[in-house]
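The values are calculated or read from the model by the stated rules, or taken from the named source; none is laboratory data. Only a predicted model underlies this, so the values are computations on that prediction, with no experimental measurement involved. Virtual Cβ from ideal backbone geometry, glycine too; neighbours counted across all protein chains shown. Side chains are part of the model used for accessible areas, which takes the heavy atoms of the whole protein and leaves out ligands, DNA and RNA. Shrake-Rupley method; radii C 1.70, N 1.55, O 1.52, S 1.80 Å.
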Amino acid sequence: MTPDEALRRIAFLLEWRGASPYRVRAFHTAADAVRGLPPGPVDAARAAEVRGVGPVTAEVIAQASTGAVPRYLARLETEAGPDARLGWELAAASIGDCHLHSDWSDGGSPLEDMADAARALGHRWAVLTDHSPRLTIAHGLSAERLENQLEAVAALNSGLGPGFRLLTGIECDILDDGSLDQDQDLLGRLDVVVASVHSKLRSEPGPMTARLLAAVRNPRVDVLGHCTGRIITGRGRPQSRFDAEAVFAACAEAGTAVEINCRPERRDPPDDLLVQAAAAGCLFAVDTDAHAPEQLHWQSTGYARAARIGLGADRLITTWPLGRLLAGRGERK
């Protein structure tokens, strides 16, 4: 076991038991920091000199660097039991992320940095999904700007070499009538389309249901993003009301994945709707909705939720090889 793996597993187990996001983040930060250490034993004092490493994480690094299972990790695994171990295996199977933003819209980092961060985590692919034009507050992409971004992604991929690919995509607004906020032909050229509601979130259930049904049945749509639109931190925002049984049945029939959004303020859908979507036979995309490289670590939270309700890797498209992912997209188109 490497120090990086030990720190990531501890972060996952802390998430599993509901620890503070700040505590979890400390272990992810330390895992990022130790990548530059040479292989072989490292004492705790030396590890503590690395920026981003504290006293507790330094002890973990020192113990793991000898090939041993750190005592802190062993204790957490014993307390968590076998279900958490299955959850970690599910998270370890992740090779992609269908929802991340760059500074082309409301993200804080260039697409190159987002791609590098995803690859460093072991992903084989990730989807760039900047916002569509209607979301002006997020500097959404017009058709012309999206065309330019496609060229930028192609140029980036040409220099990456084998092992990782940044996929083209968009987080497309679902308009009031259920249509999509972008040129249909242009949407057809993308690798992955995430469709989300960002307006009139407090509509009556009838109109909201019709809106979602039209979107998830659209053959251009691959993923239904943060389906309730809720915010669970700060002042919060209540979840949208809609006929979940009808919407999830339509997702299952169309092959449109339901997003398990891992942003700490969203964690959408709520647990009861997640169970309902699973019972309906839906596919799922465990997505970070990351707006910065360090937010890609949030994905393990979604895998913990998926494991708790018994979902296997075959139902999670973010564990699928690239060929299978794109084949599914081709069938829907």
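Given 4 °C and 1.567 mPa s, compute D for region 2-49 with the Stokes-Einstein relation, Rh being the Kirkwood radius over Cα pairs; round to the nearest whole µm²/s. Here the translational diffusion coefficient equals 115 µm²/s. Stokes-Einstein diffusion for region 99-240, with the hydrodynamic radius set to the Kirkwood value over Cα pairs and evaluated at 4 °C in a medium of 1.567 mPa s, equals 82 µm²/s. Panel values: region 91-165, Kirkwood radius from alpha carbon pairs, Stokes-Einstein at 20 °C and 1.002 mPa s, translational diffusion coefficient 166 µm²/s.
Quick one: dipole size for the chain, taken about the Cα centre, charges +1 on Lys/Arg Cβ and -1 on Asp/Glu Cβ, in debye to the nearest 20. It works out to roughly 700 debye. Taking the DSSP beta bridges with both ends in region 70-227, the antiparallel portion is around 5 percent. Taking 0.36 nm per residue of separation and subtracting the current Cα-Cα distance, fully stretching the chain between residue 177 and residue 79 would add 30.3 nm.
Using 14 Å as the cut-off for backbone N distance, which residues of region 117-144 belong to the label zone defined by a point 7 Å from the Cα of residue 186 along Cα→Cβ? It comes to 130-136, 139-144, nothing else. Going by accessible surface with a 1.4 Å probe and the largest first, 139, 226 read 139, 226. Near residue 84: Cβ cut-off under 15 Å, other residues only, Lys/Arg at +1 and Asp/Glu at -1. The net charge is +2. Pick from 297, 28, 198: which is most flexible by mean-square fluctuation in a GNM of the chain where alpha carbon atoms under 10 Å apart are linked? Maximum fluctuation in the GNM of the chain, among the listed residues, is at 198.
For region 120-180, the set of GluC sites (Glu not before Pro) satisfying both a DSSP loop assignment and a count of at most 11 other C-beta atoms within 10 Å is empty. When both region 163-230 and region 282-309 are represented by their alpha-carbon centers, they are found 19 Å apart. Simple rule: put +1 on each Lys or Arg Cβ and -1 on each Asp or Glu Cβ in the chain, find the dipole, and look at 306, 127, 182; the Cα lying farthest toward the positive end is 306.
Which of [x] 38, 24, 21; [y] 32, 28, 15; [z] 35, 23, 17 is the computed semi-axes √(5λ) of the Cα gyration tensor in Å for the structure on display? Given [x] 38, 24, 21; [y] 32, 28, 15; [z] 35, 23, 17, the calculated one carries the label [z].
If R0 is taken as 22 Å, the Cβ-Cβ distance between residue 245 and residue 271 corresponds to a FRET efficiency of 0.85. Using the Cβ of residue 243 as centre and a radius below 13 Å, the other residues enclosed give a net charge of 0, where K and R count +1 and D and E count -1.
Beta bridges per DSSP, both residues in the chain: antiparallel share near 10 percent. Helical runs assigned H by DSSP (4 residues or longer) give the chain a calculated mean residue ellipticity at 222 nm of -13500 deg cm²/dmol, each run adding -39500 (n - 2.57) before division by the residue total. Taking packing as the residue-averaged number of other Cβ atoms within 10 angstrom, the listed peptides 11-23, 210-222, 256-268 run from highest to lowest as 256-268, 210-222, 11-23.
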